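The values are calculated or read from the model by the stated rules, or taken from the named source; none is laboratory data. Small disclaimer: the values here were computed from a predicted structure and weren't measured. Cβ coordinates were reconstructed from backbone atoms using ideal geometry, including for glycine residues, and neighbour counts include every protein chain displayed. Accessible surface areas use protein heavy atoms only, side chains included; no ligands, DNA or RNA. Shrake-Rupley method; radii C 1.70, N 1.55, O 1.52, S 1.80 Å.
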Amino acid sequence: MTTYMHYATLLEAASAIRSRKVSPVELTRSILDRIAKLDPSLLSYATLTPEFALTQAAAAEAEIAAGNYRGPLHGVPIAVKDIFNTAGVVTAAGMTIYADNVPDHDATVVRRLRDAGAVLLGKLQNTEGAFVNHHPKITPPRNPWNADFYAGASSSGSGVATAAGLCFGSLGSDTGGSIRFPSAANGITGLKPTWGRVSRYGVFALAESADHIGPMTRSAADAGAMLGVIAGRDSNDPTTLLAPVPNYLAELDAGIRGVRVGIDAAYNETGCDPVTIAAVRNARKVLEDLGATTKEVKLPDPTGVMVTTAWGSICAVETAIAHETTYPARASEYGGIANLIDTGRAASGIEVMKAHHERLAFTGNLSALFAEIDLLLIPTQPRADFTIVQERELFAAAEGLSDFVRFATPFDMSGNPTITMPGGFTAKGLPLSFQLVGRHLDEALLVRAGHAYQQATDWHHRHPTL
């Protein structure tokens, strides 16, 4: 059975493990074999830990056999983005400076995954410092649908490995769209939780006040299962929220009849390519068929919280803070992220506080909108499929980057949770996607709505031919 389980969902694998139809050790070996076969060309892993993974799998197998089942991640092979501290395993954050950085402690999210019995296969590649581009000395992961096309950033390895069947789920981070873009590009489901819902302790920062940690999986239900493990208050991170963590799978099949979905057609469709517009419209139709009520709304003006405005100012300053021990002291070892740091180091206090005020205004106005609706349906990105060459051209200018991330950065600034899901394919065979935005701490509704959509469609069941 393990020979064809690589594209099973996390919860399907968990069910097979719990019923002892599948051995965690055999399943881990099978995925490690697949990684050995495919990842030399996909390049999704920064560091692989096979011996450690097999030790964890054996421990999980023994515990389950003894009747000590810990939950849906027990014995399931997963992986994490290479910005999360892993005790005894290199954490490089996509940078050559940290190529020999071996932490002596786990990030809180890694510890919680271990406590849940998950099997950690290794660390997944990401862009330099989790910003836009990969370090010049690191070859970016390749899109498993077509290696010539954009694979997403910054959680590129997480998107590629999850889509290619090289793990059953992964962790990513999102400061300006870095869970959502790789999820869209690789045809998987990404859940960006409310800011503060998940601890950032032991996580290499890009911009701490906008960094969100979340799961990247092959279904909305899988994302809920992973979030239930990693979410919650952490004494090591005073910014984590006190709200109790619900069972995100408890009302999975309750449906979405009567759920109010807001749609701002002008915001959704201005500057978007036709296939993206069609994918969002099709998602609307499915949600309506499932009983959701759609309502035309006007999104608060996000102009003030974009890359060229508040997001850019705040991210630059906070990135400069994150790198102050190595930059400018070791500037020669940096790639493109140096430009962002220089911008942050040159910013004035007045500029930063103006950006903060823009952020507060947008967040407040968005909160008022959510008094009228339960979810907001929007695109993930304005363009669907574009090559690596086109990516370089697009992101070379601030205006191009700002336009591309305009459906992402506002909700990092506001801290609202989002779920990104596959919603079709382009004529070139690349995945299409859309996202739902929720109120703060309403991840349970996002998971339920995502599951309802995926029960009515099969896009998430389609996988690269590898």
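Which of the chymotrypsin sites (Phe, Trp or Tyr not before Pro) across segment 181-247 are loop residues per DSSP, with 13 or fewer other Cβ within 10 Å? Display every interim value, and only then the final one.
Working: sites: W195, Y201, F204; in loops: W195, Y201, F204.
Loop-located and lightly packed - none at all.
Sort segment 315-466 into rounded, prolate or oblate with this rule: let a ≥ b ≥ c be the square roots of the eigenvalues of the Cα gyration tensor; rounded if a/c is under 1.5, and if a/c is not under 1.5, prolate when a/b is larger than b/c, oblate otherwise.
On the way: a/c = 2.42, a/b = 1.34, b/c = 1.81.
Oblate.
On full extension of the chain, what length is gained from D104 through K298, given 0.36 nm per residue of separation minus the C-alpha to C-alpha distance? Mind showing how you got there, number by number?
Working: separation 194, 0.36 × 194 = 69.84 nm, distance 4.88 nm.
Here the segment from D104 to K298 would lengthen by 65.0 nm.
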message = Give me, ordered by chain and number, the residues 5 or more places off F370 or on other chains with an amide H under 5 Å from its own placed amide H.
response = none
ask   = Along the positive direction of the dipole of segment 307-466 (beta-carbon charges: Lys, Arg +1; Asp, Glu -1; about the Cα centre), which of F370, L446, G312 reaches farthest?
value = L446
note = In segment 362-466 the accessible area split gives carbon plus sulfur, as whole percent at 1.4 Å, a share of 50
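Rank-order 86-97, 391-402, 356-367 by packing density, defined as the average count of other C-beta atoms within 10 Å over each peptide's residues, highest first. Each step should come with its number before you reach the end.
On the way: 86-97: 20.7, 391-402: 14.6, 356-367: 17.0.
Ranked from most to least packed, the peptides come out as 86-97, 356-367, 391-402.
Given 0.36 nm per residue, what is the gain on full extension from A368 to A243 after removing their alpha carbon distance, in nm?
That pair, A368 and A243, stretches by 42.9 nm at full extension.
Kindly identify the chain as rounded, prolate or oblate by the Cα gyration tensor criterion: order the square roots of the eigenvalues as a ≥ b ≥ c, call it rounded if a/c is under 1.5, otherwise compare a/b with b/c, prolate if a/b is larger, else oblate. Before the final figure, lay out each step's value.
Details: a/c = 1.43, a/b = 1.13, b/c = 1.27.
In terms of gyration-tensor shape, rounded.
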request  = Please give the per residue accessible area of segment 386-466, computed with a probe of 1.4 Å over protein heavy atoms only, in Å².
outcome  = 34
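Evaluate the charge dipole of the chain about its Cα centre and quote only its size in Debye, nearest 20, assuming +1 on the Cβ of each Lys and Arg and -1 on the Cβ of each Asp and Glu.
Working: 38 positive and 46 negative charges, 158 e Å.
So the dipole magnitude of the chain works out to roughly 760 debye.
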query = By accessible area of protein heavy atoms, probe 1.4 Å, what ranking do E269, E351 get, highest first?
reply = E351, E269
ask   = Where the only charges are on Cβ atoms (+1 Lys, Arg; -1 Asp, Glu), what is the dipole of segment 189-261 about its Cα centre, to the nearest 20 debye?
value = 220
key: Cut-off 12 Å, label 7 Å out along Cα→Cβ of A456, residues of segment 283-297 by amide N   = 283-294
task = Compare the peptides 275-285, 158-168 by average per-residue count of other Cβ atoms within 10 angstrom and give them in order, highest first.
result = 158-168, 275-285
ask   = Which of the listed residues, G190, A220, S170, is farthest toward the dipole's positive end in segment 170-285, when Lys, Arg count +1 and Asp, Glu count -1 at the beta-carbon?
value = A220
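Among the helices of the chain (complete DSSP H runs), which have Cα atoms covering no less than 24 Å along the helix axis and a Kyte-Doolittle mean of at least -1.0?
On the way: long enough: 24-42 (26 Å, 0.07); 349-369 (30 Å, 0.12).
Long hydrophobic helices here: 24-42, 349-369.
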ask   = Can you tell me the accessible area per residue over segment 151-269, all protein chains present, probe 1.4 angstrom, in square angstrom?
value = 23
message = Below 17 Å, Cα to Cα, which lysines can K295 reach? Residues fewer than 8 away in the same chain don't count.
response = K285
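Here are some pairs, K81/K192; K123/K192; K137/K428; K81/K137; K37/K81; which of them have Cα atoms lying more than 24 Å apart in this structure? Present the calculation step by step, with values, prior to reporting the outcome.
Details: K81/K192 14 Å; K123/K192 19 Å; K137/K428 30 Å; K81/K137 18 Å; K37/K81 21 Å.
Correct reply: K137/K428.
In whole percent, and with a 1.4 Å probe on the protein chains, what portion of the accessible area of segment 1-143 is carbon and sulfur? If you can, show how the numbers build up before the last one.
On the way: 2920 of 5660 Å².
The value for segment 1-143 is 51 percent carbon and sulfur by accessible area.
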ask   = Taking +1 at the Cβ of each Lys and Arg and -1 at the Cβ of each Asp and Glu, which of N268, A384, T426 sits farthest along the dipole of the chain towards its positive end, judged by Cα position relative to the Cα centre?
value = T426
query = According to the square roots a ≥ b ≥ c of the eigenvalues of the Cα gyration tensor, what is the shape class of segment 173-325, taking rounded for a/c under 1.5, prolate for a/b larger than b/c otherwise, and oblate for the remainder?
reply = oblate
request  = Please check which bits of segment 11-35 a label hung off A59 would reach, taking the label as a point 7 Å along Cα-to-C-beta and the cut-off as backbone N under 18 Å.
outcome  = 24-29
request  = Just report the Cα centroid separation between segment 100-170 and segment 238-254, whole Å.
outcome  = 25
